[in-house]
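S.K.: Dumping the structure here so I can ask a few things about it.
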Amino acid sequence: MLAIGSDHGGYELKEHIKKHLEEKGVEFKDYGTYSEASVDYPDCARPVCEAVQNGDAEAGILVCGTGIGISMAANKFKGIRAALISDVFSAKMSKEHNNANIVCLGGRVTGRELAFMMIDEWMNTKFAGGRHAERIAKIHAIEG
Ligand code: RB5
């Protein structure tokens, strides 16, 4: 199951992503926000990150206006590896090399078709492990 969330700047793209996931038969839970009323992106990142941390979700998708603020917030949660993606190659590598358990997108910068391609690439790519797992262990060692 994927956890999905956004602030108001990412709300519209989140709704399109939900339709795309439904069409693909991908199970997800929407943790909000549920309208275009202004909210604070760290508050929107929290429930998605906690769902990934506690195993309720295998991974997550977060959207804000640029993807920047919500990715910064998400990466403060222990065990979260949130990748801000804006091209298909990086979306693939975020899983293959970085095993990103959350991808972040910018609703005001990324078109919906590109968003769908990036999400599909991230979902369909496998983590390569090996030396990349050792590097990720070093990231989490920094967290303590
Ligand atoms: C909200 O106006 C906007 O700042 C937010 O969606 C995001 O782009 C922050 O990084």
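Coordinate-derived values only; no laboratory data. Quick caveat, the model's predicted, so the values are computed rather than measured. All Cβ positions, glycine included, derive from the backbone under ideal geometry; neighbour counts span all protein chains shown.
S.K.: Can you give me the Kirkwood hydrodynamic radius for the stretch 3-53, using every pair of distinct Cα atoms, in Å to one decimal? Write down the numbers at each step before the final one.
M.R.: Working: mean 1/r = 0.0901 Å⁻¹.
Evaluated over the stretch 3-53, this radius sits at 11.1 Å.
S.K.: Please determine, in degrees from 0 to 90 and to the nearest 10, the orientation of helix 41-53 with respect to the longest principal axis defined by the Cα atoms of the chain, where the helix direction is its Cα long axis.
M.R.: Relative to the chain, helix 41-53 is tipped by roughly 50 degrees.
S.K.: Return the calculated 222 nm mean residue ellipticity for the chain, to the nearest 500 deg cm²/dmol, obtained by summing -39500 (n - 2.57) across DSSP H runs with n ≥ 4 and dividing by the residue count. Kindly include the intermediate steps, with their values, before the conclusion.
M.R.: Working: 6 runs with 69 residues, N = 144.
Value at 222 nm, helices only: -14500 deg cm²/dmol.
S.K.: Would you work out the charge dipole size for the stretch 1-83 about its Cα centre, treating the Cβ of every Lys and Arg as +1 and the Cβ of every Asp and Glu as -1, and quote it to the nearest 20 debye? Could you put the intermediate results ahead of the total?
M.R.: On the way: 9 positive and 13 negative charges, 66 e Å.
Dipole about the Cα centre, nearest 20: 320 debye.
S.K.: How far apart, in nm, are two points set 7 Å out from the Cα along the Cα-to-Cβ line at Met117 and at Lys29?
M.R.: Reported label-point gap for Met117 and Lys29 is 3.3 nm.
S.K.: Tell me, what is the FRET efficiency for Asn124 and Glu22 to the nearest 0.05, using R0 = 25 angstrom and their Cβ-Cβ distance as r? Please list the in-between numbers first.
M.R.: Details: r = 17 Å, r/R0 = 0.69.
So the FRET efficiency works out to roughly 0.90.
S.K.: Between the DSSP loop rule and a limit of at most 11 other Cβ atoms within 10 Å, which GluC sites (Glu not before Pro) in the stretch 101-136 are left? Walk me through the numbers on the way to the answer.
M.R.: Numbers: sites: Glu113, Glu121, Glu134; in loops: none.
The qualifying sites: there are none.
S.K.: Quick one: of Lys18/Lys78; Lys78/Lys138; Lys18/Lys92; Lys19/Lys76; Lys18/Lys138, which pairs are farther than 24 Å apart, Cα to Cα?
M.R.: On the way: Lys18/Lys78 26 Å; Lys78/Lys138 13 Å; Lys18/Lys92 20 Å; Lys19/Lys76 29 Å; Lys18/Lys138 34 Å.
With Cα atoms farther than 24 Å apart: Lys18/Lys78; Lys19/Lys76; Lys18/Lys138.
S.K.: So, one more: Could you name the aspartates and glutamates whose alpha carbon sits less than 20 Å from that of Lys24, not counting residues in the same chain fewer than 8 places away?
M.R.: Result set, ordered by chain and number: Glu12, Glu15, Glu58, Glu113, Asp120, Glu121.
S.K.: Measure off 7 Å from each Cα along the Cα-to-Cβ vector at Ala137 and Lys76, then give the distance between these two points in nanometres to one decimal.
M.R.: Placing both labels 7 Å along Cα→Cβ, they lie 2.9 nm apart.
S.K.: With a/c under 1.5 counting as rounded, go ahead and sort the stretch 1-102 into rounded, prolate or oblate using the C-alpha gyration tensor (a ≥ b ≥ c being the square roots of the eigenvalues; past the cut-off, prolate if a/b is larger than b/c, else oblate). Write out the running numbers ahead of the final one.
M.R.: On the way: a/c = 1.28, a/b = 1.15, b/c = 1.11.
The shape class here is rounded.
S.K.: Might you report the magnitude of the Cβ-based charge dipole of the chain about its Cα centre, with Lys and Arg at +1 and Asp and Glu at -1, to the nearest 20 debye?
M.R.: 520 debye
S.K.: Taking the stretch 1-100, which chymotrypsin sites (Phe, Trp or Tyr not before Pro) meet the DSSP loop condition and have no more than 16 other C-beta atoms within 10 Å? It would help to have the intermediate numbers written out before the result.
M.R.: Values: sites: Tyr11, Phe28, Tyr31, Tyr34, Phe77, Phe89; in loops: Tyr31, Tyr34, Phe77.
Those satisfying the criteria are Tyr34.
S.K.: Another one. Label point 7 Å out from Arg108 along Cα-to-Cβ: which residues of the stretch 3-20 have amide N under 14 Å?
M.R.: From the stretch 3-20, the list is 7-13.
S.K.: Follow-up question, since we're still on this one. Towards the positive end of the charge dipole of the stretch 71-130, with charges on Cβ (+1 Lys, Arg; -1 Asp, Glu), say which of Phe127, Met117, Phe77 has the farthest Cα.
M.R.: Most positive-ward Cα: Phe77.
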